[in-house]
Amino acid sequence: MAAAASCSTSTRSTGSVVVAASRNSVTSFQRRGPRASGTDSGCSRLVSIAGTRPSVRNGQLLVSTGLPALDQLLGGGLAVGTVLLIEEDKYNIYSPLLFKYFLAEGIVTGHTLLVASAKEDPADILQELPAPLLDDNCKKECDEDICNHKTESNIKMKIAWRYQLLPKMEARPVSSSRFGHYYDVSKRIPQELIEASKWHGFFLPEKISSTLNLEPCSLNHGYIKLLQFIQNIIYEEGFDGSNPQKKQKNILRIGIQNLGSPLWGDDICWTENCDSNHSLTKFLYMLRGLLRSSLSACIITVPTHLIQNKAIIARVTNLSDTVVGLESFIGSEKETNPLYKDYHGLIHIRQIPQLNNLIYDVSDVKDLAFKLKRKLFTIEKPRCCYNLQNRTRLCGLIRV
Amino acid sequence: MFPELNNLLNTTPDQAEQGKLTLLCDAKTDGSFLVHHFLSFYLKANCKVCFVALIQSFSHYNIVGQKLGVSLTTARECGQLVFLEGLKSAVDVFFRPQEEPHPLQFLREANSGNLQPLYEFVQEALKPVDSGEAAWRCPVLLVDDLSVLLSLGVGAVAVLDFIHYCRATVCWEWKGNVVALVHDSGDAEDEENDILLNGLGHQSHLILRAEGLATGFCKDVHGQLRILWRRPSEPTAQRDRSLTYQYKIQDKNVSFFAKGMSPAVL
């Protein structure tokens, strides 16, 4: 074929050469792989983990927080190895939602979960996760596949005949490799998704009943147990690569609820000068140490509005990587402000980590409000309703 | 190393001063770019550096260092850089304790903490070697950052003692330099931090203070840098020299300009 092409006249040879090249499917245009500027040689290996993608800014591996709008504000997603701190809103209504989005995203992408709480049993928390919104086409195809599995005829494609040669993609809505999904908060996650997922729960009242012999340390008892639990899971399941028997290529998503609240045995929410002033900050430091050396990402919700000592809030912020604060309008004077009448609260992106980079990374958009609709949690810039009134007044003036 | 900052400070890697304590502090912004500057500066100046990095991992500093033209892995292998990775060592000392003293021993203690093992680590790392091989220029201790020690339960006085000991050994005895970063908590009323900051401020020869703009966030001007030269050992009537510049951080460099003279405005 190629020999015949070379023998032909010059006007025809270029055409056949092109055809020959595309038939061999080796073209000169090769798409370059993701630049491994920010990670070491294991980048190509890491990119293949479902539900992650490398950051366009510094090559850092990112996971989705479960809210694509929040991912965008944080510069693409949450970096693996970092902590996302959510400063709870006053009555703790909206921060559990962000917590649940994070965990639901983990289930949908097949990541391992570690849920820690002092208030609710982790199994109950998982039952209340929002249901993922799947493509309608995807669902229909799935049903049809089940019914018409054998009777699928080989329809010959006439125009897009090249696509016939490609292998058929399986429609698997359960384990999705897409980055960032949408969820329906009015529905619960299907039971089979929870059962198919791998998760570990840490419920403080159960774990703390056993006595243990520890050297006296300024860390709170509950925090020590939680740190040991997390370290155990990371080591046993091979998330830090130090276990020779287990080679793990998955992400561990850790969720800790209401950290620093009195239920964890911490008294920073009661008094200003407390004995265990350093318990929470020490815990956060050790957690950071564990996360930085493993394939995990963590979300923590802290009731900062209850912490009496402002210095501790500053220290907690410095020890976390990404900090997002929620301020709900319930009970505040902003509830009657006409600018905010369509929204439920404000969301402040207080800190974004500066990893592997000199550039000062701050979110461009500063005033953001959130709204919990029946099915969706949205974040947007509050629109000023005064603009419309001003414009009509001006038009009136010009006419006169 | 940022060439513009070298010009402002009137130094080059060849003529680095010795026996000085430099205090870096940041208020309402992130001053870690100063740490990267001094790390690459002293490595290029052929000094032996002991870096106590408590807040970020080794690969973070390495990747930024490569952008600034130094390789931390090479420096560590040939002995020019002694790197204490705080996060990794803390996990080791907390979960897998051993009998021998560890520089971060205070993490296992219940009371206000003793930084003596850390001081001994620094001493061991920067001790001048008597052999005749090519000696490094002068020892340098770099700490990022001291405010984390307060969060870990160490008292402000213990941290001040640690810096005092390091200064006596590194600056005075071995004619080296000490550079430390402290966060200024501003209106967060962190008394311990204020004690630490004021105490170090009185002992330092050079204070570099990175502040966020008073008017808030701006895309073209990331902050303001206040440089203060001091002479702590000579209580003279002369006022200390001070300069203020605004800066913008870019991918591999930081550009400085006089207040209000940002290229975006002109």
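The values are calculated or read from the model by the stated rules, or taken from the named source; none is laboratory data. Just so it is clear, the model here is predicted, and its values are computed rather than measured. Virtual Cβ from ideal backbone geometry, glycine too; neighbours counted across all protein chains shown. With ligands, DNA and RNA removed, areas are computed over all heavy atoms of the protein, side chains included. Shrake-Rupley method; radii C 1.70, N 1.55, O 1.52, S 1.80 Å.
Structure notes:
- Subset tally (residues that are touching a residue at least 60 places away in the same chain (Cβ under 8 Å) and in contact with a Leu (Cβ under 9 Å, 6 or more places away or on another chain)) for the stretch A:48-60: 5
- Residue in the stretch B:191-205 that is on the phi > 0 side of the Ramachandran plot and not small (G, A, S) present: no
Each row is one residue, and each column tells you yes or no for (1) open to solvent by less than 10 Å² (accessible area, probe 1.4 Å); (2) modelled with pLDDT of 90 or more; (3) within 14 Å of another protein chain (Cβ to nearest Cβ).
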| residue | (1), (2), (3) |
| --- | --- |
| B:E77 | no, yes, no |
| B:F95 | no, no, yes |
| B:P101 | no, no, no |
| B:F106 | yes, no, yes |
| B:S112 | no, no, yes |
| B:L118 | yes, yes, no |
| B:Q123 | no, yes, no |
| B:D130 | no, no, no |
| B:E133 | no, no, no |
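- Within the stretch A:207-224, if we keep just the residues that are away from chain B (no Cβ under 14 Å) and within 28 Å of the chain's Cα centre (by Cα), the residue that is modelled with the highest pLDDT turns out to be A:G222.
- Among the residues of the stretch B:31-69, the ones that are touching a residue at least 60 places away in the same chain (Cβ under 8 Å) and either open to solvent by less than 20 Å² (accessible area, probe 1.4 Å) or within 11 Å of chain A (Cβ to nearest Cβ) (or both) come to 21 in all.
- Filter pass, A:G15 being open to solvent by 20 Å² or more (accessible area, probe 1.4 Å) and at pLDDT 50 or above: no
Each row is one residue, and each column tells you yes or no for (1) open to solvent by 70 Å² or more (accessible area, probe 1.4 Å); (2) away from chain A (no Cβ under 14 Å); (3) not aliphatic (A, V, I, L, M).
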{"site": "B:N198", "(1), (2), (3)": "yes, yes, yes"}
{"site": "B:R209", "(1), (2), (3)": "no, yes, yes"}
{"site": "B:Q246", "(1), (2), (3)": "no, no, yes"}
{"site": "B:F257", "(1), (2), (3)": "no, yes, yes"}
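- Candidate set: the stretch B:13-30, residues that are over 19 Å from B:Y245 (Cα atoms) and not acidic (D, E); chosen: the one surrounded by the most Cβ atoms within 10 Å (Cβ to Cβ): B:L21
- Of residues in the stretch A:228-257 being of a type in the set (S, T, N, Q) and under 20 Å from A:S64 (Cβ atoms), the one least open to solvent (accessible area, probe 1.4 Å): A:Q257
- For the stretch B:179-195, a residue qualifies if it is buried (at least 22 other Cβ atoms within 10 Å of the Cβ), within 12 Å of chain A (Cβ to nearest Cβ) and out of contact with any Cys (no Cβ under 8 Å at 6 or more places or on another chain), and the qualifying residues are B:S185, B:D190, B:N193.
- Test set (1) among the small types (G, A, S); (2) open to solvent by less than 10 Å² (accessible area, probe 1.4 Å); (3) outside any loop (DSSP other than H, G, I, E, B) - A:G260 fails condition number: (3)
- Sub-9 Å Cβ pairs linking a first residue in the stretch A:183-194 that is in a strand (DSSP E or B) to a second residue that is polar (S, T, N, Q) and open to solvent by 40 Å² or more (accessible area, probe 1.4 Å), at least 6 apart or interchain, are A:R188/A:Q127, ordered by first then second residue.
- Against the test of being in contact (Cβ under 8 Å) with a residue 24 or more places away in the chain and open to solvent by 80 Å² or more (accessible area, probe 1.4 Å), the options B:R167, B:R137 yield a single qualifying residue, B:R137.
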